[in-house]
Amino acid sequence: MFTLGCAESQNFNVYYAMKILQGMTATAGQTCGLAFIQDMFFFHEQARKIGIWTVCFIVAPYFGPVFANFILAGTGEWRDVQWLGFGFGCLILLCMVCFLDETMYRRDIPVESQPPRSHRILRLLGVWQIRNHKGYFATFWSSCQRLMFVFLKPIILLVMAY
């Protein structure tokens with residue numbers, strides 16, 4: 001939505017505010033990618049998928065301005081670059097709604113003990129997750145404990161002290 005705001009901005013102040021908000025929210029997909037890979041793939045597949053994912057979001061800041069320069073040279077309008085970014089984001093959102101599903105799958109629970117996977121639309125909206133939260137997903141306290149265990153590892157302590 002902030003990209004749409006950039007494309008529709010009529011003055012620099014609005015454009016600048018939208019770019020700030022866009023920059024603050026754009027990295028959410030980059031940080032969630034590792035969690036999705038861990039949920040969706042077996043351990044022996046994760047290294048390759050992380051490599052592909054890393055290449056995609058590392059080269060994007062280099063290819064974006066190159067393609068934007070070609071668009072700007074061809075049309076002479078900077079808003080077309082923002083509209084292309086907005087259209088690409090809408091395409092990604094549409095593909096996610098059409099093809100993706102809940103990524104969390106507990107492999108430590110036997111197949112017969114897994115909660116029944118109800119309708120896909122309920123999983124997309126989060127209804128299935130709310131219904132099956134107890135006993136299947138990590139609790140808030142256990143998530144905080146896992147984070148604290150990571151922070152207490154010697155290498156993390158050395159990095160934080162440095």
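The values are calculated or read from the model by the stated rules, or taken from the named source; none is laboratory data. Fair warning: this is a prediction, and the values are worked out from it, not measured in the lab. Every residue, glycine among them, receives a Cβ derived from its backbone with ideal geometry; neighbour counts consider all protein chains shown.
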Read through the list (1) in contact (Cβ under 8 Å) with a residue 12 or more places away in the chain; (2) assigned to a helix (DSSP H, G or I), then give the number of the only condition that Glu102 fails. (2)
Is there a residue in segment 73-92 that is in contact with a Cys (Cβ under 6 Å, 6 or more places away or on another chain) and modelled with pLDDT of 85 or more? yes
Among what's in segment 36-78 and is touching a residue at least 12 places away in the same chain (Cβ under 8 Å) and surrounded by 15 or more Cβ atoms within 10 Å (Cβ to Cβ), pick the residue that is farthest from the chain's Cα centre (by Cα). Ile71
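Criterion first (within 30 Å of Thr103 (Cα to Cα) and part of a helix (DSSP H, G or I)) does Asp39 satisfy it?
Taking the combined requirement at face value, the residue satisfies it.
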